[in-house]
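Asker: Before I ask anything, let me first share the structure, which is written out below as structure tokens.
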Amino acid sequence: MAQTIVVPLDGSELGEIALPWAALLARTRGCSMTLVRIVPWPDLPAGEFGEYFSPNVYDDVVAAEIGAAQEYLDGLKGRFSADGVTVDTVVREGMAAEGIHDVADELGAYAVAMASRGRGGVARIVLGSVAERFLHQATVPVFLIRAGGPTRPASLNRIVVPLDGSTLAERGLDQAREIAGPDATLVLVRVVEPVYDMMGSDDTTLIENPEATDQEEIEVRKYLDNLIANRGPGVGKMEIVLRRGRSGHELLEAIRDSNADAVVMTTHGRTGPTRWIMGSVADEVFRHTDRPVMLVSARMLTARVVGTFLVRDLMTKDVEFVDENETVLSVVRKVLRRRVSGAPVLNKNGELVGIISEHALLNWHTKVVEELAKDEDNLDPVKYAERVGSDTIKDLFTKPAISIDESADLSSATRMLIDHRIRRLAVTSNGRLVGVISRADILKGMAANWETLAVKE
């Protein structure tokens, strides 16, 4: 599937500021653009006497909104298609952030390009709180273009990459290489903050140690020189900018002095867009620079590596399954023998119809014990054994089975395991069981590519 640049739009001119940059990125990467408009569910007020609008009225309002959104996107499509970029449009209804995520996932987007007002931090996007939720969960690079400031021509000839010595920050350098043109220059910026010693009788006085700071600067320069020496083939020009002082201020000065067209930064993305690898530094940079900023998160790097696998690549094919008419005794023995937490359930035609879990079997045990104890002072083990050997699991297993097709990507399987809070997921092909994918299987896939995912904390 050809990759695309997803551009969420809200119908405003400010939102459209991202379009030239998205088009440039699409041409550089040789991919398409997908213009997306998420139409929110209408909030129709109650009438004078508290009555609500009929479903037909609701549907008519939604249809009108969708029609207007499609007309708006078609107009933009014509403009950029004339510039040689393949442009598609998607109109959805629902919650904006979730809708954008769905479109990006379904299309296998290379990146999402969004306009930002740049007020009070990265969360103040044209789309409001929508962008904050999107950034917190984004699994693709997010290209934020400043709206409302000086208009800058779309260009990626000089890209600043802030580095802090971590492997994660170096992944930002990899991303910058991908979006840079053949004649572009990557400007590697590192700020050395002064080293201080604790002085005084109570060790509360901070005094700068110039010698230690000088030594730190020497080590940093060696690190940057080594990055350039090992940059590999196909990389254009690279420059080093080494500054000393407060990180946020000096980084902003470096971006301005280097005449950068854009900035590529990395983020852990743990608890929101301001929790970046350099703490509040990245937030400060975004708020005070008029250059576009591309954010690359640890979550995105994980999704990119895991997404290279399909479920069939890592699933366990030798699966212990049970028949829906098997007895509890038979099923318990199979589960214990294979040391699994449950098993897929098949019908007489071999079709997957459910999952039997340890939890369901324990519930059966508790229920039977209570039933047998009602009429007797002590539980009769013979009667219990009879029930174990005669009761089937037909009414015990979970229906329908939570399953995934073998052709799905591993990111989809990961989300299902987390969302449903389960350890194993049945894998099907044309409705028939072909395997099981577990959390452990996914971790093995990640470990196989650990060098790509490695992050220094």
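Asker: Figure the gain on full extension for ASN363 and ASP313 (residue separation times 0.36 nm, minus the Cα-Cα span) and round it to one decimal in nm.
Answerer: Numbers: separation 50, 0.36 × 50 = 18.00 nm, distance 3.48 nm.
Residue separation times 0.36 nm, minus the Cα-Cα distance, leaves 14.5 nm.
Asker: Around SER429, under 13 Å between beta carbons, what's the net of Lys plus Arg minus Asp minus Glu among the other residues?
Answerer: Numbers: positive: ARG312, LYS317, ARG432; negative: GLU351, ASP405, GLU406.
Once positives and negatives cancel, what remains is 0.
Asker: Give the lysines whose C-alpha is closer than 28 Å to that of LYS334, dropping any in the same chain fewer than 8 places away, or say none.
Answerer: List returned: LYS317, LYS348, LYS367, LYS383, LYS394, LYS399, LYS444.
Asker: OK, next. Calculate the spin-label point distance for LEU379 paired with ARG333, positioning each point 7 Å from the Cα along the beta-carbon direction, and give it in nanometres.
Answerer: Roughly 2.1 nm, to one decimal.
Asker: Give me the distance in nm between label points sitting 7 Å out from Cα along the Cα-to-Cβ direction at TYR58 and LYS394, one decimal.
Answerer: For the pair TYR58/LYS394, the computed spacing is 4.0 nm.
Asker: So how far apart, in nm, are the two label points at GLU219 and THR86 if each is 7 Å from Cα heading toward Cβ?
Answerer: Distance between the two pseudo-spin positions: 4.9 nm.
Asker: Please give the net charge around ARG312, taking every other residue with its beta carbon less than 12 angstrom from that of ARG312, where Lys and Arg add +1 and Asp and Glu add -1.
Answerer: Net local charge, ARG312 excluded: -4.
Asker: Given H placed on each backbone N at 1.01 Å, which residues far from MET114 in sequence or on other chains put an amide H within less than 5 Å of it?
Answerer: Amide H neighbours of MET114: PHE143, LEU144, ILE145.
Asker: Return PHE143, PHE309 ranked ascending by Cβ neighbour count within 10 Å, so the fewest neighbours appear first.
Answerer: Values: PHE143 25, PHE309 20.
So the ranking, lowest neighbour count to highest, is PHE309, PHE143.
Asker: Which net charge results when you count Lys and Arg as +1 and Asp and Glu as -1 among the other residues whose beta-carbon is under 11 Å from that of LYS394?
Answerer: Details: positive: LYS399; negative: ASP323, GLU324, GLU326, ASP391, ASP395.
In short, -4.
Asker: Also: Amide H to amide H, which residues 5 or more places from VAL434 or on other chains are under 5 Å from it, using H placed in the peptide plane?
Answerer: Here the answer is VAL427, THR428, SER429, since their amide H atoms fall under 5 Å of that of VAL434.
Asker: Quick one: order SER341, SER297, SER390 by neighbouring beta-carbon count within 10 Å, fewest to most. Show your work: numbers first, answer last.
Answerer: Numbers: SER341 14, SER297 27, SER390 10.
The fewest-first ordering by Cβ neighbours comes to SER390, SER341, SER297.
Asker: Would you list LYS394, LYS374, LYS77 from fewest to most Cβ contacts within 10 Å?
Answerer: Values: LYS394 14, LYS374 6, LYS77 19.
Ascending Cβ contact count within 10 Å gives the list LYS374, LYS394, LYS77.
Here, each number is a calculation from the coordinates, and none is a lab measurement. Quick caveat, the model's predicted, so the values are computed rather than measured. Because the Cβ atoms are built from the backbone with ideal geometry, glycine has one as well, and the counts that use them run over all protein chains shown.
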